Amino acid sequence: MTAVETRIVTKRLRERPEDSWTIDGALASGAYESLVVALKTDRAAIQESVKASGLRGRGGAGFPAAQKWSFLPAGSYPRYLVVNGDEGEPSTFKDRMLVECDPHQIVEGIAIAAYTIECNQAFVYLRGEFALGYERLMQAIADAKAKGFLGENIQGSGFDLEIVVHRGAGAYICGEETALLESLEGERGMPRIRPPFPAIEGLYAKPTVVNNIETLSTLPHIMRMGGEEYGKLGVDRSTGTRIFAVSGHVKKPGNYEVELGTTFRELLYDLCGGIRDDRGVKFFIPGGASSQWMPGTDEALDTPLDMDAVGPKWGVMLGSGAVMVYDDTTNPALVAWRLAKFFAHESCGKCTPCREGTGWIEKVLYRISHGEGRPQDLDMLLSVGNTICPGLNAPFSQTTICPLGPSAVSPVVSLNKYFRDEIISMCTPATVTA
Amino acid sequence: MAFSPENLRAAREIIAQYPRPKSAILPLAHLAQDQDGWLSTEGMDEIASLVGVTPAEVQGTCSFYTMFKRDQVGKLLVSVCTNVSCLVLGGPEVYEHLNEQYAADPDVTIEEVECLAACDGAPCLQVNYEYHLGLTPESAEAIVEQYKSGTLHARGISGGARA
């Protein structure tokens, strides 16, 4: 059977590409109906429904959304909802699509979440480069306000909510939630040591929930379908659908919303049309640049998209939902170097192992990938990696505050796991024969 | 340069949105940059006085973020992605070609950037934060030329609305 998309979060934008982002297009396709219901529903019941749905964060870490909300200390106000729209994980492009093509779904999700956690001011931290997304989200907020879905006494419920959109300015690290809060406070985006966790002391040291754009975009549908019903989609603890952003050497790259439990093969072949020129897959990177890699074997391709199962078996994560696919013409060392260059550039510099380590990993991978490697280089890289990420295992143990440093080790570990012989031979001068 | 009266009003409205004024540093820096074409020391000084912190604090924050250009750039900022999905589909070739073509053009600044979240259209670039997808070196140059000739109308240097 050929796999198909299950369009829930992407339904409006796929069905009404001509006006999905406008207030008229959104209202004509059911926008804010879930909010109206939510505002008449007991807060605890909404939280219970989201818990029953099994919804987990779609930004990368996959933490259960309802549980995140439940950490807010009782009776402590004001509380803030901060929306993470700083999509910067290489090869992830789902949140940009959601902001540009369905901003009202985000606004509705924010309003439902804010009502549930009793928050009257939400901040959307939007990646600075998303100029069109910013315009459309600002317009959506203004239009929603004019229609009485935001602002004071929303739909006569007595609930007030203001949304501020805060543009980032080109720093990947601000996708890390505590760095994001620093940036929102007007500081350099450097992660905070936890505890205290944001739920206790977040934005302006007040209780704060940070949720990803896709996570919040799912809430209107959980309200509409009921948590139990939504939770029937997917597999085990990976419930519902997720948007997978597939890029690289597939014939039809793009965002595909599928039920969790779909296999990589179904995603890459049934939906993305297979590999260019019908070549073989050399390797693919699930979950974004931070994840380790998977080989192009049948066993790897037949692995289901299950947030829990991929870790123990392959040492990878589904992370941000990106899947980068490389055919058999690809030089894996070059890909590893470019990823390392990214992490070296984006390291905020707060923790020494990451600040120094990412730079050295980049330099050594440069010489390996550009024909100047030495036979011992790969082992040296593993040794450097071990100082950032002791044990070199996923999930990370780390000598740094945030996972950026350990993420830079993922390409190194992956090269060693799947391409050790190829790398060593690249680094060994050909024997000179007389 | 100082904020125009109109932008000064906009700046005060932005500051008022936040529980603490210092939060407005990033949005005000975008505003200043769209107005002036870059983020000057004078611009940061004015932001400091508006939000009630020292100029050093504003510079300390702004110098962290790659979108803030503390040296003058051309009217067109061409940001070419060379990250991994663009890497294997010709992004570096687009970057090198544009870099050569516009090396001596004061109106055009070419920069290499990290993933722009448009990998389904790799290789991609942005001109003043407007996306252009599925490029070759030649088509990328043609797009820059369209902006230069006025066929395409650019956003502000920080991605702000077109004038």
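Listed values, structure above:
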| quantity | calculated |
| --- | --- |
| Test item: A:164-174 mean partner chain Cβ contacts at 10 Å | 6 |
| Range of Cα positions in the stretch A:155-254 per principal axis (Å), largest first | 49, 39, 28 |
| Segment A:S383-A:R420, extension gain: residue separation times 0.36 nm, minus the distance between their alpha carbons | 11.8 nm |
| A:F197-A:E372 FRET efficiency (beta carbon distance; Förster radius 51 Å; 0.05 resolution) | 0.70 |
| Gain upon complete extension [A:D42, A:T297; 0.36 nm per residue less C-alpha separation] | 86.8 nm |
| Test item: B:16-29 mean partner chain Cβ contacts at 10 Å | 5 |
| Calculated FRET efficiency for the pair A:A142/B:A104, C-beta based, R₀ 41 Å, to 0.05 | 0.40 |
| Global form of the stretch A:1-152, assessed from the alpha-carbon gyration tensor, a/c cut-off 1.5 | rounded |
| Protection-proxy order for peptides A:128-138, B:151-161, A:37-47, A:90-100, each taking the mean of Cβ atoms within 10 Å per residue, highest first | A:90-100, A:128-138, B:151-161, A:37-47 |
| Protection proxy ranking, peptides B:96-103, A:195-202, average beta carbon neighbours within 10 Å, highest first | A:195-202, B:96-103 |
| Sequence-distant lysines (8 or more away, or on other chains) whose Cα lies within less than 30 Å of A:K145 | A:K11, A:K40, A:K51, A:K68, A:K94, A:K206, B:K22 |
| Residue (of A:Y366, A:Q67, A:P295) at the positive-pole extreme of chain A, dipole from beta-carbon charges | A:Y366 |
| Given charges at beta-carbon only (K, R positive; D, E negative), |dipole| of the stretch A:249-377 in Debye | 680 |
| Principal-axis tilt of helix B:25-36 within chain B, Cα atoms, nearest 10 degrees | 70 |
| Antiparallel DSSP beta bridges within chain A, as percent of all bridges there, nearest 5 | 45 |
| Whether the stretch A:288-434 is rounded, prolate or oblate, judged on the alpha carbon gyration tensor where a/c under 1.5 counts as rounded | oblate |
| Top positive-direction residue, dipole computed over chain A with Cβ charges, set A:F284, A:G189, A:T352 | A:T352 |
| Virtual spin-label span in nm between B:S4 and B:L133, 7 Å along Cα→Cβ | 3.3 |
| Sites A:R237 and A:S397, calculated FRET efficiency, Cβ-Cβ separation with R0 35 Å, nearest 0.05 | 0.95 |
| The stretch A:318-369 shape via C-alpha gyration tensor axes, a/c threshold 1.5 | oblate |
| Structure-based [θ]222 nm, chain A - -39500 (n - 2.57) summed over DSSP H runs of at least 4, per residue, nearest 500 | -12000 deg cm²/dmol |
| Distance histogram for chain B (every C-alpha pair counted, 5 angstrom bins, percent rounded to whole numbers) | 2, 9, 18, 18, 17, 13, 11, 8, 4, 1 |
| Mean Kyte hydropathy of -0.5 or more with a Cα span along the axis of at least 24 Å, helices from DSSP in chain A | A:352-369, A:404-426 |
| Two-site label geometry, A:F63 and B:A16: point separation in nm, points 7 Å out along Cα→Cβ | 3.5 |
| Fewest-first sequence of A:M225, B:M67 by Cβ atoms within 10 Å of each Cβ | A:M225, B:M67 |
| For residues of A:203-209, the mean tally of beta carbons on other chains within 10 Å | 1 |
| Qualifying trypsin sites (Lys or Arg not before Pro) in the stretch A:183-246, DSSP loop, other Cβ atoms within 10 Å at most 16 | A:K232, A:R237 |
| Aspartates and glutamates whose Cα lies under 12 Å from that of A:K251, excluding same-chain neighbours fewer than 8 positions away | A:D270, A:D277, A:D278, A:D327, B:D120 |
| Cross-link partners of A:K417 among lysines (Cα-Cα below 18 Å; sequence separation of 8 or more within a chain) | A:K282, A:K313 |
| Cubic angstrom per residue, convex hull over Cα atoms of chain A | 139 |
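All of the numbers you see were taken from the coordinates with simple rules; none came from a lab. Remember, predicted model here, so these are calculated numbers, not experimental data. Glycine gets a Cβ as well: all are built from the backbone with ideal geometry, and neighbour counts include every protein chain shown.
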